[in-house]
Amino acid sequence: MKWFIGCLRRYADFTGRAGRAEFWNFFLVYIVVAVVLGLIDAQFNITLLAYIWTAALLVPYIAVGTRRMHDLGFSGLLLLIALVPFVVIAVLIMLALPSKPEPNKYGHGPRILAEA
């Protein structure tokens, strides 16, 4: 949960880097809550809760995704190719790659910042 809360605190921070744990833990909580809200919506025949959850966390999701791409040494704009059908799989694979430990143009790695 600390990763999820940490991402919400940096909800509009598109600078810096995010490690795999930060991104995937945020993504896991995001998806689990979305599924639960979707089931509640289906049970009561409404479609409001899941849409509100998705809209509320759209900016934090894009921000952590951008920081994750920065950690891999890519521009955050590369996330836009996920809008192309079937290319989203390639983006998810890229987001699962290990972090680059050396500093890049986006800053030091997340582990280095945590130790400092």
Fill in: Test: ILE81 is loosely packed, with under 12 Cβ neighbours inside 10 Å and more than 10 Å from the chain's Cα centre (by Cα)
no
Discussion item. If I filter region 10-17 for residues that are in contact with a Pro (Cβ under 9 Å, 6 or more places away or on another chain), within 19 Å of LEU95 (Cβ to Cβ) and among the hydroxyl-bearing types (Ser, Thr, Tyr), do I get at least one hit?
Written reply: yes
Item to complete: Consider ARG68 carefully, then state whether it is touching a residue at least 24 places away in the same chain (Cβ under 8 Å) and either small (Gly, Ala, Ser) or on the phi < 0 side of the Ramachandran plot (or both).
Response: yes
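Residue-wise test of (1) touching a Phe, Trp or Tyr at 6+ places or on another chain (Cβ under 6 Å); (2) among the polar types (S, T, N, Q); (3) in contact (Cβ under 8 Å) with a residue 12 or more places away in the chain; (4) buried (at least 19 other Cβ atoms within 10 Å of the Cβ).
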| residue | (1), (2), (3), (4) |
| --- | --- |
| ARG10 | no, no, yes, no |
| ASP13 | no, no, yes, no |
| ALA18 | no, no, yes, yes |
| PHE44 | no, no, no, no |
Worksheet item: Among the residues of region 86-96, is any part of a loop (DSSP other than H, G, I, E, B) and surrounded by 15 or more Cβ atoms within 10 Å (Cβ to Cβ)?
Response: no
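Residue-by-condition table, conditions (1) modelled with pLDDT of 90 or more; (2) within 22 Å of GLY107 (Cβ to Cβ); (3) in contact with a Ser or Thr (Cβ under 9 Å, 6 or more places away or on another chain):
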| site | (1), (2), (3) |
| --- | --- |
| ALA12 | no, yes, no |
| THR15 | no, yes, yes |
| ILE52 | yes, no, no |
| ILE62 | yes, yes, no |
| ALA82 | no, no, no |
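The values are calculated or read from the model by the stated rules, or taken from the named source; none is laboratory data. Bear in mind the structure is a predicted one, so any value in this text is a computation, not a measurement. Every residue, glycine as well, gets a Cβ built from its backbone with ideal geometry; the counts of neighbours run over all protein chains shown.
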